[in-house]
Each structure stands twice: as C-alpha cells, then as structure tokens.
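Step one of this worksheet: look at the structure below.
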Amino acid sequence: MLTLTVPGLLARGTHALGATAPFQSFARYADPPELNGEGLASALCAALGLPPTTPLAPLCALGAGLDVDDRYLIAATPVTLVADRDIVMLAGRVQDLADDDAAILVELLNRHFVGDGVSFVAPRPATWFARCDQVFSLSTSPLDVALGRSIYPFLPGGADGNTWQRWQVEIQMLLHEHAVNQRREARGLLPVSSMWFWSNGRLSDVRIPTFADAFAAADESGDLVRGLARHIGRSVDALPDGLSAILDRLNGSEKAIVALASMNDESAIERFGADWLQPAVAALEAGKLDALRLIADGHGAAVSWVAERPSRFARVTSRLRARQFEIPALAPE
C-alpha cells in the first residue's frame, strides 16, 4: 500500500482537477471517497489505524527536529485574527515571519509565562510549540478546520479549557500593537494576532503505527510523517522529484507513505499528476503496488480514496467506460 498525502490539492476548484488524465486514470479503480472533517493529519492517522485522539503535536515537533521528551506538548501556530461585527474570525496562519521577529515574540511569551510552567519553542519561524510542565485536560480543534471561521466554537475546551482561553487572550493583548506587528503592518504584512493551540498530548500517548518506507517534504507538510517515522525508529528520506525515483525501493505489499509539499498553485498540481499520480496508477496496473491511497485536503476537510490492484479483466473493461474522479463538495462555511 502506497499512501500519497497532498496538502492543498482540493483548496481550489475541483471540477478541472477531475477532468485531467492522471485523475481520470486513478478514478478507474478508486473506491468512493471518504470525507474526514478533522483534516489531512487526522485522515492519515486513520489510514494508519491510529485513533482520532492521537496527539499530533509531539509527532510534528519530532518531525520538525526538536528533541521531544515525554512532556505535554501543544502546537502553537502564529495566526491572524480579524474582528467581523460581533465575531472574531481566524483569517489565516502567519507563514512569513522572519527569524529575528519569531525569536523576539518567543522570548516575549516565555517571559510572560515563566511562572505558569509553559515555554515556547520555534524550530522554524512559523512552526511553534508550547512545552508544559504539567498535563492538562484539554480538547482542541485542528487549525485547518477553524480557518476562515469564527473562533468561538473551536476554542480550547475540557476541564482546563478556560485556562488556555485566558492565556490566549493574554497573548492577544501582548501582541496587540507590538513593535514586530507594527513593522509588519507598515510593510503591508498581516500581524501575528494570536497563537492557535491544537493537537495536544504526550509522545507516550501515541500508539505505534506500522509502515516500511517514508518520504517527506522538508517543510511543515512533512513534519507529521517525519515524526511518525522517527517515533518508530525508522529513517525518513527526502522527497524526490517523482515516484519513479523510489518505485524500485517499494515493496508493493508493505505500507509506504509519501508526504508531498503543499500544492500552492496550478503548476504544482500538474506536476503532482504527471510525476506522482500517473506513475502510481501505472505501477498499480503493472502489479508493482497492491494498493494506492490518495489523501488530499481543502477548506478544512480531507478526502481519502483507495484503489486496489486491478485484475486483467478490470484493466481491460475500465478503459471501455469513462469514470469521473469523484470529489465530495468542500465549501467553507
């Protein structure tokens, strides 16, 4: 089983996507899609047999290069909030922080929370985590699910939810009109209004998954897969230019995961179709893969498709009838 995770693939119009040759080829053998309202990371965990309560923060921190012990961790992503009448919207993550600005803000927060047993660390300027000296009873919502929506239904809950909501307000007050944000706004950049806390827990709470090979993009898109591989003591390889570079290494009956970089434009989607999806379908038809899973996301939800190795009869008959690549409706609320 080869699993391809493709962040951002469904964020744009999907009608043209289903009409392209690679996706039409995949549609010949794909089962009906499964929708996951918790996002791509949750869909990948489900594919690996991990429970929906799996804490992703320690895995992503491990994948981002941090030394992760068994302290309680929570992802703390810099975001921009926008007030709209009587609600506050999560406008988006801040991905263009400079190294120096990130260091200034991390130091600011660490000074403020020094007495609360919470410290912030940023392995990348836009990838932050909060390390906690105690375990919290806390429920959180994935960042991608809350994007573009009112924040109130997605704020931290549970027995300690009020504490983290209060801290979130304190952070907003610290960041409001901070010099870093003033400089950013003067350059036409969005401010860092707050932190979005999500996917909390400890590494010891992660059930051990099984897979053989892992290949991951060097940026945040590959952190979860990199962290999963490191957690089970496996190596993870850099992402090659296409599937052909690794096809000979794959054992078709074992689980392998490829975490691609986010699809930021139409050319990236075209390259994915030509360099990854079409060769994967060809390998499926040739019997080099026993199954192919595609996981993609957009508008806060993820969709999974699975295609199994077709019989000779299925390969012949599939070419006699056109099948549309089926994509569930994904629309922001």
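The values are calculated or read from the model by the stated rules, or taken from the named source; none is laboratory data. Everything numeric here is computed off the predicted structure, so don't read it as measured data. Cβ atoms come from the backbone with ideal geometry, glycine included; neighbour counts cover every protein chain shown.
Figure legend. Inter-residue proximity from the stretch 260-283: first residues at pLDDT 95 or above, second residues loosely packed, with under 15 Cβ neighbours inside 10 Å, beta-carbon distance below 6 Å, spacing 6+ or different chains. Indicated pairs: Pro279/Ser244. Does Ser193 meet the test of being touching a residue at least 60 places away in the same chain (Cβ under 8 Å), among the hydroxyl-bearing types (Ser, Thr, Tyr) and crowded, with 17+ Cβ neighbours inside 10 Å? So Ser193 passes the test. Residues in the stretch 55-68 that are part of a loop (DSSP other than H, G, I, E, B) and over 14 Å from the mean Cα position of the chain (by Cα): Gly65, Leu66, Asp67, Val68. The residue of the stretch 235-251 that is farthest from the chain's Cα centre (by Cα), among those that are surrounded by fewer than 17 Cβ atoms within 10 Å (Cβ to Cβ) and assigned to a helix (DSSP H, G or I), is Asp248.
Condition check ((1) within 16 Å of the chain's Cα centre (by Cα); (2) among the aromatic types (Phe, Trp, Tyr); (3) assigned to a helix (DSSP H, G or I)) across all residues:
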residue	(1), (2), (3)
Gly227	yes, no, yes
Gly233	no, no, no
Ser253	no, no, no
Ser267	no, no, yes
Trp276	no, yes, yes
Ala280	no, no, yes
Ala283	no, no, yes
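Of the numbered criteria (1) without any contact (Cβ under 8 Å) to a residue 40 or more places away in the chain; (2) touching a helix residue (DSSP H, G or I) at 6+ places or on another chain (Cβ under 8 Å), the one Phe120 fails is (1). No other residue among Ala16, Ala41 is surrounded by fewer than 19 Cβ atoms within 10 Å (Cβ to Cβ), out of contact with any Phe, Trp or Tyr (no Cβ under 8 Å at 6 or more places or on another chain) and not in a loop (DSSP other than H, G, I, E, B) apart from Ala16. Only helices (runs of 4 or more DSSP H) whose full extent lies in the stretch 109-200 are considered here, and the ones with at least 1 residues that are among the charged types (D, E, K, R) and within 24 Å of the chain's Cα centre (by Cα) are 143-146.
Name the single residue that is surrounded by the most Cβ atoms within 10 Å (Cβ to Cβ) among those in the stretch 44-54 being assigned to a helix (DSSP H, G or I) and touching a helix residue (DSSP H, G or I) at 6+ places or on another chain (Cβ under 8 Å). The extreme case among them is Leu44.
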